[in-house]
Amino acid sequence: MFHRLVLLALLVSPLVACSDDDEKLSAGRPKPSDRQRWERRGRVTTTENEGGFSLFGGDKKDEQGGGSPIGVNSFLWRATLDTLSFMPIASADPFGGVVITDWYEDPKTPGERFKVNALILDRSLRADGVRIKVFKQKKDVSGQWADAPVEDNVHRDVEDTILTRARQLRVAQGD
């Protein structure tokens, strides 16, 4: 019998801990305003006239990145996704600026496939703001994929395509 009571107490105690203690403690006292609760607990973002800091720049438009709350230049980010959209995207991290594609085999060149890793390096739209690494594999006679060299200009060509697209996006936005 004692074990059942202890078990019941252990099961009920977390539920009691979840109750709203603020209402019990403030019985008879006026409830604090939202602003007072914010100041007591702290804030992550604020408006500019309240002081503090803003995690993503608040209402101010980001001059370099197109006003987006991502961690890298939004024009470069969108241009990278646009340029690589024909390939299956394995991973895309807008805060770290990393896009990794899965292997893509062009139907025009069977037995050859490509994979691209893109890294956006800056919040500003600059010529050196994106780095591309292209990987290539070919099928050998046994049907296994083997790494193959990629011409140096392929990396630069993809980077140039992304930069051109990023400039087009910026012009289209009217900055």
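The values are calculated or read from the model by the stated rules, or taken from the named source; none is laboratory data. The structure presented is a predicted model; accordingly, all values stated were derived computationally and were not measured. Here the Cβ positions follow ideal geometry from the backbone for every residue, glycine too, while neighbour counts run over all protein chains shown.
Key figures
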| read-out | value |
| --- | --- |
| Pair list, Cβ under 6 Å, 6 or more apart: the stretch 126-148 residue over 22 Å from residue 101 (Cβ atoms) and modelled with pLDDT under 95, other residue among the hydrophobic types (A, V, I, L, M, F, W, C) and surrounded by fewer than 13 Cβ atoms within 10 Å (Cβ to Cβ) | 140/146 |
| Criterion (surrounded by 13 or more Cβ atoms within 10 Å (Cβ to Cβ), out of contact with any Ser or Thr (no Cβ under 7 Å at 6 or more places or on another chain) and more than 20 Å from residue 71 (Cβ to Cβ)) met by exactly one of 139, 108, 115 | 139 |
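Residue-wise test of (1) of a type in the set (A, V, I, L, M); (2) farther than 22 Å from residue 91 by Cβ.
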site	(1), (2)
123	no, no
127	yes, yes
130	yes, no
134	yes, no
138	no, yes
145	no, no
165	no, no
